[in-house]
1. Of the cross-linked pairs 416/643; 371/954; 153/175; 472/492; 514/644; 1084/1140, which ones have a Cα-Cα span greater than 18 Å in the structure shown?
2. Give me the percent of Cα-Cα pairs in segment 357-472 that sit more than 20 Å apart, rounded to a whole number.
3. In nm, give the distance between the simple-model label positions of residue 606 and residue 536, each being 7 Å from the Cα along the Cα-to-Cβ direction.
4. Efficiency by 1/(1 + (r/R0)^6): what FRET value for residue 490 and residue 169, r their Cβ-Cβ distance, R0 = 45 Å, to the nearest 0.05?
5. If you stretched the chain out fully between residue 176 and residue 415, how much longer would it get, using 0.36 nm times the residue separation minus the C-alpha to C-alpha distance?
6. At a Förster distance of 45 Å, what's the computed FRET efficiency of residue 390 paired with residue 707, Cβ-Cβ distance as r, to 0.05?
7. Ranked highest first by average number of other Cβ atoms within 10 Å, how do 521-534, 919-932 line up?
8. Could you sort the peptides 850-857, 638-645, 651-658, 611-618 by per-residue average Cβ neighbour count (10 Å cutoff), highest mean leading?
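FYI, it's all coordinate maths here, none of it is from the lab. Just so you know, these numbers come straight off a predicted model, no measurement behind them. Please note: Cβ atoms are built from the backbone with ideal geometry, for glycine as well, and neighbour counts cover all protein chains shown.
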Amino acid sequence: MARRSSSPAASPVTITVSATDGGGGDGGGGSGGALRRSIGLASPIPRRSLNPNSPSMCARRYLSASKAEAEAEADVDADAATVSSSEFVRYTVHIPPTPDRHASSGPEDPPPDRSYISGTIFTGGFNCVTRGHVVDRPSPPHPRGSAVLPLCKMRGCDGPAFSNPPCECGFAICKECYEECVDGGGHCPGCKELYNTLSDEDEEEIEEEEAAAALPLASMKDLRGGGGAGKLSMMCSTKIPNGGGGGSKGPSDFDHSRWLFETKGTYGYGNAVWPKDNGGHCGGAGAGFKGFEEPPNFGGKCRRPLTRKVGVSQAILSPYRLLIVIRLVALGFFLMWRMRHPNREAVWLWGLSIACETWFAFSWLLDQLPKLCPVNRAADLAVLRDRFESPSARNPKGRSDLPGVDVFVSTADPDKEPPLVTANTVLSILAVDYPVEKLSCYLSDDGGSLLTFEALAETASFARIWVPFCRKHDIEPRNPDAYFGQKRDFLKNKVRLDFVRERRKVKREYDEFKVRINSLPESIRRRSDAYNAHEELRARQKQQQIAGNFAASPSSEPIRVAKATWMSDGSHWPGTWLSPDADHSRADHAGIIQAMLAPPSSEPEIGAEADENNLINTSGVDIRLPMLVYVSREKRPGYDHNKKAGAMNALVRTSAIMSNGPFILNLDCDHYIYNSLALREGMCFMLDRGGDRICYVQFPQRFEGIDPNDRYANHNLVFFDVTMRAMDGLQGPMYVGTGCVFRRTALYGFSPPRATEHRGWFGRKKIKLFSRKPTMGKKSDRVDEIVLPQIGDVESEDGDVESSAALLPKRFGSSAILLASIPVAEYQGRLLQDLPGVRHGRPAGALAVPREPLDAATVAEAISVISCFYEDKTEWGRRVGWIYGSVTEDVVTGYRMHNRGWRSVYCVTKRDAFRGTAPINLTDRLHQVLRWATGSVEIFFSRNNALFASRRMKFLQRVAYFNVGMYPFTSIFLLVYCVLPAVSLFSGQFIVQSLSITFLIFLLAITVTLCLLALLEIKWSGITLHEWWRNEQFWVIGGTSAHPAAVLQGLLKVIAGVDISFTLTSKPAADENDDAFAELYVVKWSFLMVPPITIVMINAIAIAMAVARTMYSEFPQWSKLLGGVFFSFWVLCHLYPFAKGLMGRRGKVPTIVFVWSGLISIVISLLWVYISPPAGVRKDYMNFQFP
């Protein structure tokens, strides 16, 4: 006997027919040949279909059959079973979808089990089959959280029921069955009461209202023409005086005051006053907007902009710009004077100083020009909530209409990036204030470590307690380690009486959670050792059994058993083992995906009272959790994995298939969400007018755990609060690697819908480009452009769309689901179409729909796109996604977007959006700066140099990017200039022949203007003088240590092809009892310390020697001594934090070290004076003898 169950549209249905005996066999057993779906883990069938009738293209079609069809097919199958023999006959039938065959899954074919997906590890990759390994079978989800469509409860019918049942008892019934019940007596099958049926006129009225809500508003052209009152089919026409529109009187006789104020009951859409419910002459005009008794406030929050740009006060900005011009003129005259007045006694010293000063002036100009237009921005979260999360005609339930956001967290080595740090970051993401069903979190484990995997599983378990606690009590920050570690009054602004008790419980659970995380390495090692010992014992027993069967002496060959890493369920870990082996090492392992938390339902899931199963009282709190996915891409020898950029691109493809959020937030594992409203503030810029041209919203980086004096300028506030704010006034800030919200289509390499070309001198001539076709710009720019497949875009030509669709597989790869997700992401990321000036928008409420459930075929497709060979012969890493070829892939990726004409925005929130950690150790800080500078040198010698930028990039934006690639080369001149004062003191010469009044005036003017510029920058940026001075000090430290090494490494890579590799920066994970700044005093030797140490020693000795020589000289030259000592002292002041870092912890350096250092310096100075006595010194004074 064969049974049929529903199957997805256009999918093959495998039917097995077998013989049955008359006695009633195994109906549904294995011999009964029950129908099974033939969708395996490697099914190539797309999950989504491109349906032009559905804007989101995410709705799935289902097949169903009526009761009569099912009985007829059962009779046919029974006849076939009687005629056939006992052999099985298998064949596949493709049942296409038809308009009259809608439905959902029947009782034999339930929807995909979300718990099954979240408890299964999916692995696969090169030369291996995609597998699904069930490691956990959690309890079924909350019944209120299910997303199953309502079905008709009539016997034999599985059609879709009314969303609002026609009877008060709530009996679910479809339209066809309802009509049959009404014709048969009008009784409800559930409660047996009569239906409250509507008349035909009422039904027509409701249909007219629904149609009116979907029609566009009438234009002014319709109102001005003849018979205008008759054209307002969707609006209530007013009575025109003197016979209506065909009267003899002209428009001047029309009573405007009556139109605007008196007859508000006759108005409809777009008029001055809103009608009351069922009022006036058009009964259905206001039926779709019931509840509006008073005129709506069209100038209120719903019409206000989401963001505003606040310029810097002209009282500060005008003097700031004027001082830049004055200092530039002063530098020009100073350099001219220096060239015209050489020091002929030391030409070599004069020439070196002139070269360095000229380069410093050029470098200062490159750094200062992009700071001419600083701006500040602000977002209005109340307007965002009113516009996207309030009930409306198209969204009557008030579901969130915000677009989805996929959050990427990257980690690579659990030894240097502790799992507890990563876990706290993930917890802050899961608890963020954003619609749960619109949020997904992906953790990229590039090391494939079981420790990270099990730590994430523990995190998902603890999140069921932590996230509801945060939502209930409005906790900030939502990183448990940061929250419980705060030294402040945690009772401030808390009004719930159960807060203290529940906080104590959650704190205890978090302490236990930390213990579990800390014990994972030892637990994994012990478990693996036990399983490996058991496997070795089994292998030895098997060897002895084989030897006994052949009656041979026991073999003396050693038993080789792989030292595998074992999971808790007794299976091999498919990733990296503790003892690396073939197919299980950091650079050679399979791809792994597991959904730790399945996608949530679209309806809120309210918790319950506190009991033995619930730690805290969550009644009235939504306890749903966002989707959480573990991803470890496949790595194989011979395939370049492209470091972090490759891992990010793998996440982009995985998320496109599993959730396809139109926006992406990128975070490092040590950067957590400090402000739970950060995502909403970023969405304000993306969804406001003009937001479709924004490729990303960059947030400033803020750091914790920095020493109070910020010895090595770890906060970097001059860059984040001065330079980035200034670039925001141009084309936007650069991407800095973390804390950035991307538009997915911008990452895909598409051009913005509108762009501007800047031509002429300094780009002053602007040409607006409004085309979506690849015809903008010169030929070299059009290579990067492909027409984005549109949804419902009637203006696109068929030829362009077809050619674009043909190029998409070559650019993005062969995954059909990935290609189908691109236009979906573009549509969901559009602006609302009711905004003024929006040409390609989406209707309000289009995203307030449930998410499609996740199934095994989808995860299997995600496994295929993270394989090591998927990017072969595609544009990933070259024009799509994160760009390869540089250790600073973040800057290059942002540059490519700006080069296509995109804009970016710098979002500085009142409360820090994100916070992270920074290396406070001197050596780690220098290595971090070395990596950044090396990436800049790579950019300078590549096609990403701003000199080759397109015309779509503004001139000052191009200057800013050019400075990014140029600044490491300043270190060459800085090294020379830091040595020149010491050489001047040793030689007795100076960079000028004499300290004339002209030289001192120029020096004073340059110094004073620099100080005034610094004060004005401090004024409009909000930083302090101390932070500005720390930045100046570390600029010299980095310029004399890491930057020269970066220039050397960059030249070696460009000229000799020497590859550059860097180690990960260790993330601190100190205990509460440890010293928070212990790393600050640790001295780790590095070759980068040699140049600064040399400069410090040379200048210190030169000062001591010059002072001694001048004091013993018969004709002392105090002016030259003063100039040389001043500049040497200036160099030593900048290098003071470096010298202090070498001393280690205060009190650890014995006093005798300083005493001997002073004595040695004095002895060396005296020896120099004795060997080379100054001119004019008395001979007998220097002729002393030892007794």
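1. On the way: 416/643 16 Å; 371/954 14 Å; 153/175 12 Å; 472/492 15 Å; 514/644 28 Å; 1084/1140 14 Å.
Over 18 Å Cα-Cα: 514/644.
2. Working: 4223 of 6670 pairs.
More than 20 Å apart: 63 percent of the Cα pairs in segment 357-472.
3. 5.9 nm
4. Computed FRET efficiency for residue 490 and residue 169: 0.35.
5. Numbers: separation 239, 0.36 × 239 = 86.04 nm, distance 6.34 nm.
That works out to 79.7 nm of additional length.
6. Details: r = 47 Å, r/R0 = 1.04.
Result of the calculation: an efficiency of 0.45.
7. Details: 521-534: 14.6, 919-932: 21.6.
Top to bottom by mean Cβ count within 10 Å: 919-932, 521-534.
8. Output ranking for 850-857, 638-645, 651-658, 611-618: 651-658, 850-857, 638-645, 611-618.
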